[in-house]
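Colleague: Dumping the structure here so I can ask a few things about it.
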Amino acid sequence: MMEQNNVKMQHNKLLKKIWNISSTFLVGLFVLCAVFLMGSRLMGYKVFNVVSGSMEPTYSVGDLIYVKNVNPHEIEVGTPITFVLNENLVVATHRVVEVDEENQHFYTKGDANDTADASPVHFNNVIGVPQFSIPLLGYVSDFIQNPPGMYITVAVGFILILVVFLPDFFGKKKEDEVIEAKETNENISTETERCIMCGNDTGVLVGLPADARKHYINGVGQLCEDCYLKVSVSSQKSQ
């Protein structure tokens, strides 16, 4: 029996360890995504999802690029820039192939395109210069910013909160119960009661509440099993 309990305890410890590692990994992954998707804005970056292959292999479809505002007059030929492409506020990222300082225009071209863009980019339309990119994270960004991905993300975040905090809550509760039980047991003597009729050891701990005892008769006292049976038989005959 003791060996079975030890095996069960080791099994429970292993499951708890796996649970802790898994939940920590999921929470860390969720926080990491949140930092790269939202926390970067607090550091002055603007984040854009690459939706075309015009800048491959520099930036591929699904990449997430992090753009920082710069002085247009400091941008040189060969620098990729992110800019507002047209009146519909479409945003693009292409490489500068020529700078017209006098008219404050950039001429751009996608790395994968054969020809330069038809229209120049005015300095005022420049959003910034990409600082770095993270492959495939654009798919994640697009997913969580639009339904149903937005709702799924909120649900997953809520579940992760439960995963992190609920085990600690129930573990603390169980720990309190164990402490309480231990304190209760300490108040109970290890001595055992004697039968009031024959004087034999009953095996019942001294101080144990009456409703938790066997072979106890209110108004009489603690009996051993044999005497209890005798009293019960005598009671039935007298009736």
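Colleague: Tell me whether region 45-134 comes out rounded, prolate or oblate; compute the Cα gyration tensor, take square roots of the eigenvalues as a ≥ b ≥ c, and use a/c under 1.5 as the rounded threshold.
Modeller: prolate
Colleague: Mind sorting 43, 197, 150, 55 by how few other Cβ atoms lie within 10 Å of their own Cβ, fewest first?
Modeller: 43, 150, 197, 55
Colleague: On a full-extension model of 0.36 nm per residue, what is the gain between residue 79 and residue 163, subtracting their alpha-carbon distance, rounded to one decimal in nm?
Modeller: 25.7 nm
Colleague: While we're on this one: Between residue 201 and residue 22, what is the label-to-label distance in nm when each label sits 7 Å out along the Cα-to-Cβ direction?
Modeller: For the pair residue 201/residue 22, the computed spacing is 4.9 nm.
Colleague: What number, in percent, do you get for the relative contact order of region 192-238 if the mean sequence gap of Cα pairs under 8 Å and at least 6 apart is divided by its residue count?
Modeller: Rounded, it is 35 percent for region 192-238.
Colleague: I've got another one for you. Please list, in order along region 86-93, the HN-Hα scalar couplings obtained from phi with the Karplus expression 6.51 cos²θ - 1.76 cosθ + 1.60 (θ = phi - 60°), rounded to whole Hz, x for Gly and Pro.
Modeller: Calculated HN-Hα couplings, in order: 8, 5, 7, 6, 5, 9, 9, 10 Hz.
Colleague: What are the residues whose amide H is under 5 Å from the amide H of residue 97, where those residues sit 5 or more places off or on another chain and H is modelled from the backbone?
Modeller: Long-range HN contacts for residue 97: 78, 107, 108, 109.
Colleague: In addition: If amide hydrogens are placed 1.01 Å from N in the peptide plane, which non-local residues have theirs closer than 5 Å to the one on residue 112?
Modeller: HN-HN under 5 Å from residue 112: 55, 56.
Colleague: What does the highest-first list of 114-125, 130-141 look like by mean Cβ count within 10 Å?
Modeller: Those peptides, ordered most packed to least, come out 130-141, 114-125.
Taken together, the values in this text are just the output of simple stated rules run on the coordinates, not laboratory data. Since we're looking at a predicted model, the values are computed, not measured. Ideal geometry is used to build each Cβ from the backbone, glycine not excepted, and the neighbour counts take in all protein chains shown.
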